[in-house]
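Read through the structure below, which is laid out as structure tokens, and then see the notes.
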Ligand code: UTP
């Protein structure tokens with residue numbers, strides 16, 4: 001049986017919801033206090049057992065490559081200044097995994113981005129993590145929750161979370177039949193359905209384990225919603241050949257691709273961090289005095 005060793009992280013999107021910041025900075029490099037969002041995602045993958053990270057990048061995303069590379073000049077300067085603990089910290093970032101970069105020459109959608117990784121993934125199951133979906137679970141990383149299901153069935157597994165009926169038009173939605181506690185057999189998938197059309201409120205939120213058969217499906221997938229090659233459409237076609245499971249993931253989720261999700265992540269994570277917690281509390285106290293709580 002294959003083990004899930006490789007993870008594809010697509011980061012080639014334009015990030016239009018976060019303009020103007022994303023005009024020249026990848027949204028994945030925006031920091032949550034002092035750690036870029038993408039490092040949280042890579043740490044989740046590595047602590048779930050992933051050894052190789054395949055980034056799907058594009059123009060204006062060079063900062064991500066540089067971030068996971070060695071920085072000898074910086075290390076030399078820090079060492080000279082006696083800041084050895086910083087040297088170790090920045091070295092660890094580059095040593096977390098093997099990093100591979102594939103350029104997506106045209107931004108034709110998430111499905112197209114994943115297809116660009118075919119030659120690096122080869123004929124084995126792999127994980128997909130979206131570079132702007134942060135899921136915090138200190139006990140069991142979100143991806144590990146999916147890998148555990150894969151290890152039992154050796155089939156594709158989609159991570160879901162419940163959303164409100166009104167929000168279904170922002171997500172891929174899965175309809176499934178529960179076969180065990182928190183494991184569903186997927187019957188149908190649809191990308192961004194209106195609340196009236198949505199078959200359920202189980203939303204796909206950026207974590208997948210996929211079998212390599214998905215590449216054949218992606219090659220045949222026409223442009224779909226938003227004029228993009230949609231992974232959800234390819235998964236729907238995959239159902240004609242293989243079963244797919246879904247599982248509801250546990251954790252706190254932030255869509256950091258939009259400013260509200262990003263702000264929420266900063267506040268909540270900073271509130272939990274030992275070095276910033278008291279400071280955040282003092283800001284909240286001060287701001288509380290200025291806010292009419294009733295409004
Ligand atoms: P999004 O829908 O969030 O698109 O893509 P986006 O372009 O990044 O952001 P907005 O909507 O314009 O603000 C979901 C994920 O798929 C990647 C993105 O980088 C993001 O991680 N993606 C999307 C690609 O890698 N290539 C694409 O062609 C499209």
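The values are calculated or read from the model by the stated rules, or taken from the named source; none is laboratory data. From a predicted model like this one, the values you see are computed outputs, not experimental measurements. Backbone-built Cβ (ideal geometry, glycine too); neighbour counts: all protein chains shown.
Of note:
- Taking the range 40-78 as the range and being touching a residue at least 24 places away in the same chain (Cβ under 8 Å) and away from the ligand (no atom under 15 Å from the Cβ) as the test, the residues that pass are 43, 46, 47, 48, 49, 50, 51, 52, 67, 68, 69, 70.
- Apart from one condition, residue 109 fits all of (1) more than 16 Å from the ligand (Cβ to nearest atom); (2) under 20 Å from the mean Cα position of the chain (by Cα); (3) at positive phi; the exception is (1).
- Enumeration of residues in the range 155-188 that are buried (at least 20 other Cβ atoms within 10 Å of the Cβ) and more than 19 Å from the chain's Cα centre (by Cα): 176, 184, 186
- Exactly one residue out of 274, 242 is farther than 30 Å from residue 176 by Cα and either in a loop (DSSP other than H, G, I, E, B) or over 17 Å from the mean Cα position of the chain (by Cα) (or both): that is 274.
- In the set 93, 64, only one residue is assigned to a helix (DSSP H, G or I), surrounded by 13 or more Cβ atoms within 10 Å (Cβ to Cβ), touching a strand residue (DSSP E or B) at 6+ places or on another chain (Cβ under 8 Å) and at pLDDT 90 or above; that residue is 64.
- The C-beta contact set for the range 1-22 (first residue at negative phi and in contact (Cβ under 8 Å) with a residue 40 or more places away in the chain, second residue near the ligand (Cβ under 6 Å from one of its atoms) and assigned to a loop (DSSP other than H, G, I, E, B), distance under 6 angstrom, 6+ apart or interchain) comprises 9/131; 11/131; 12/104; 12/107; 17/257.
Yes/no matrix, rows are residues, columns are (1) at pLDDT below 95; (2) assigned to a loop (DSSP other than H, G, I, E, B):
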{"site": "102", "(1), (2)": "no, no"}
{"site": "106", "(1), (2)": "yes, yes"}
{"site": "112", "(1), (2)": "no, no"}
{"site": "124", "(1), (2)": "no, yes"}
{"site": "127", "(1), (2)": "no, no"}
{"site": "145", "(1), (2)": "no, no"}
{"site": "151", "(1), (2)": "no, no"}
{"site": "158", "(1), (2)": "no, no"}
{"site": "168", "(1), (2)": "no, no"}
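Quick grid of which residues meet (1) under 27 Å from residue 18 (Cβ atoms); (2) in contact with a strand residue (DSSP E or B) (Cβ under 9 Å, 6 or more places away or on another chain); (3) more than 12 Å from the ligand (Cβ to nearest atom):
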| position | (1), (2), (3) |
| --- | --- |
| 218 | yes, no, yes |
| 227 | yes, no, no |
| 230 | yes, yes, no |
| 236 | no, yes, yes |
| 244 | no, yes, yes |
| 258 | yes, no, no |
| 264 | yes, yes, yes |
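- When residues in the range 236-249 are screened for being touching a helix residue (DSSP H, G or I) at 6+ places or on another chain (Cβ under 7 Å) and touching a residue at least 40 places away in the same chain (Cβ under 8 Å), 6 of them pass.
- The residues of the range 114-142 that are within 23 Å of residue 2 (Cα to Cα) and within 12 Å of the ligand (Cβ to nearest atom), listed by number, are 114, 115, 116, 117, 128, 129, 130.
- Checked against the criterion of being within 21 Å of the chain's Cα centre (by Cα), surrounded by fewer than 23 Cβ atoms within 10 Å (Cβ to Cβ), in a helix (DSSP H, G or I) and modelled with pLDDT of 95 or more, the range 220-233 has no qualifying residue.
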